[in-house]
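Report on the following structure.
The values are calculated or read from the model by the stated rules, or taken from the named source; none is laboratory data. Since this is a predicted model, take the numbers as computed values, not measurements. Methodologically, a virtual Cβ is constructed for each residue, glycine included, from the backbone with ideal geometry; neighbour enumeration extends over all protein chains shown. Areas reflect the complete protein model, heavy atoms only, side chains present, ligands, DNA and RNA absent. Shrake-Rupley method; radii C 1.70, N 1.55, O 1.52, S 1.80 Å.
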Amino acid sequence: VTLPAAWYTEPAQLEREHEAIFARAWQYAGRAAAVAQPGDFLCADAGRVPVVVVRGRDGALRAFANVCRHRGHAVASGEGTCTTLQCPYHAWTYDLDGTLRAVPRAEREPELDLAGVALPPLSVAEWGPFVFVNPDPEAPPLTDALGDLPEVLAQSGIDLGGLRHARRVEWTLEANWKVAIENYLECYHCPVAHPGLAELFDVSAGAYGLHQAETFSWQTGPLRERRPAGTFVDAGEIERAQWHWLWPSTTVNVEAGPQNLSIDAWIPDGPGRTRGVSDYFFGEAVPEALIDEVIGFSAEVGAQDAALVASVQRGLASGTLDHALLMPESERLVAHFQRLVADAVAAAPNR
Ligand code: FES
Ligand SMILES: [Fe+2]
């Protein structure tokens, strides 16, 4: 059986997951190229924590809670280059190392004690073209969380160093973040719900690969022998699809065809909603028309999944299902994910 249905609908459970999971996990934040130069910054969300990542004048990459110490407004938005982080609400101004540097009218407030006020530091690390953040300032290194994922990803034939960013797509799902991840983690539904995908990739139980490691899992979709001619899957050297999930909420997709990779951040937005950010990367030489085709394919599959997870969410909220049922073989990556969720929640100190 699955986790209790109530875990997918109750605000208190999401609260537990924020503390037990998202407050201490590495999550995809954005592109390393966006923060390559001193003063460059990018904003992201790590669970419910708004984050600003900034390259200091000393060259060090830092991340802070993007929450002004004055009254809580975000100090930065989007991406760009700056000399200081100045909150757009009342213009409290922070240095790139997070320390508070200027407060308008501070000289008229003799009772205001600003000693030690600074943006709270978080953990940040780069992996190839990606920046990851972890709200825990004492987090173990990103490389521990990644484990062998870089080697597994390399088996797909992707050259991380040769990728350039093409597009960012943002989306929302009317479903709990776990419903969304669980849908990602099985392709039992693919022959039924994704006819376009199933026409290109062999999603049969015998051919489709489900693989799991400690902190991640991945799926391999070989190309069908007989498939429609002239699609993107035949326009390059990548011979099969590889879809990776990294605990708790980052996914990395490589389709067959040209050098292509997308990375997604899945962000809980209340118990029944998930926000997502997808960054699409392609090899230098991949033409624009092919980029459109790959992104269009992924949008089509994504729209089908969005309808599936919204329906599941309504079912889980119906009060008629205490536990759902899992297929031990075809859905074993879902079971793996649920075990990690249950373990993390059980291990977290109770409030
Ligand atoms: S909330 Fe940032 S300056 Fe007031
Ligand atoms: Fe799907």
Modelled label-to-label distance, ALA342 and GLU174, 7 Å Cα→beta-carbon offset: nm?
3.0
I'd like to know which of VAL52, VAL103, ALA198 lies farthest towards the positive end of the charge dipole of the chain, counting +1 on Cβ of Lys and Arg and -1 on Cβ of Asp and Glu.
VAL103
To the nearest 20 debye, what charge dipole does the range 195-316 have about its Cα centre, counting +1 at the Cβ of each Lys and Arg and -1 at the Cβ of each Asp and Glu?
540
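Using DSSP to call loops (not H, G, I, E or B), can you name the trypsin sites (Lys or Arg not before Pro) in the range 218-288 whose Cβ has at most 10 other Cβ atoms within 10 angstrom?
Details: sites: ARG224, ARG226, ARG240, ARG273, ARG275; in loops: ARG224, ARG226, ARG273.
Here the sparse-neighbourhood loop sites are ARG226.
Assuming a ≥ b ≥ c are the square roots of the Cα gyration tensor eigenvalues, decide whether the range 32-71 counts as rounded (a/c under 1.5), prolate (otherwise, with a/b larger than b/c) or oblate. Each step should come with its number before you reach the end.
On the way: a/c = 2.86, a/b = 1.63, b/c = 1.76.
Oblate.
Going by a ≥ b ≥ c, the root eigenvalues of the Cα gyration tensor, does the range 1-134 fall in the rounded group (a/c under 1.5), the prolate group (a/b larger than b/c) or the oblate group?
Cα axes put the range 1-134 in the oblate bin.
Could you state the accessible area per residue of the chain in Å², with a 1.4 Å probe and every protein chain left in place? Please report the intermediate quantities before stating the final value.
On the way: 15790 Å² over 351 residues.
Roughly 45 Å² per residue, with all protein chains present.
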Around ALA213, which amide H atoms from residues at least 5 apart in sequence, or from another chain, sit under 5 Å from its own amide H, with H modelled in the peptide plane?
TRP218
For labels at SER311 and ARG105 in the simple 7 Å Cα→Cβ model, what's the distance in nm?
5.7
If amide H atoms are modeled at 1.01 Å from N in the peptide plane, then the residues at a separation of 5 or more from HIS73, or on another chain, having amide H under 5 Å from its own are CYS68
For the range 316-322, 3J(HN,Hα) per residue [Karplus equation, 6.51 cos²θ - 1.76 cosθ + 1.60, θ = phi - 60°, Hz, x = Gly/Pro]
5, 8, 7, x, 9, 9, 7
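With contacts defined as alpha carbon pairs under 8 Å and 6 or more residues apart, what's the relative contact order of the chain in percent? Walk me through the intermediate numbers first.
Numbers: 696 pairs, mean separation 71.6, N = 351.
Computed over the chain, the figure is 20 percent.
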Each residue of the range 174-187 in turn: what ³J(HN,Hα) in whole Hz from Karplus with 6.51, -1.76, 1.60 and θ = phi - 60°, glycine and Pro shown as x?
8, 7, 4, 4, 6, 4, 5, 5, 4, 5, 5, 8, 9, 10
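By its C-alpha gyration tensor, with a ≥ b ≥ c as the square roots of the eigenvalues, how is the chain shaped: rounded for a/c under 1.5, else prolate for a/b larger than b/c, else oblate?
Details: a/c = 2.24, a/b = 1.45, b/c = 1.55.
Since a/c reaches 1.5 but b/c is at least a/b, the shape of the chain is classed as oblate.
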Through the Karplus equation 6.51 cos²θ - 1.76 cosθ + 1.60, θ set to phi - 60°, convert the phi angles of the range 214-221 into ³J(HN,Hα) values in whole Hz; use x for Gly and Pro.
5, 9, 8, 8, 8, 10, 10, x
The chain, helix-only ellipticity at 222 nm - DSSP H runs n ≥ 4, -39,500 (n - 2.57), divided by all residues, nearest 500
-7000 deg cm²/dmol
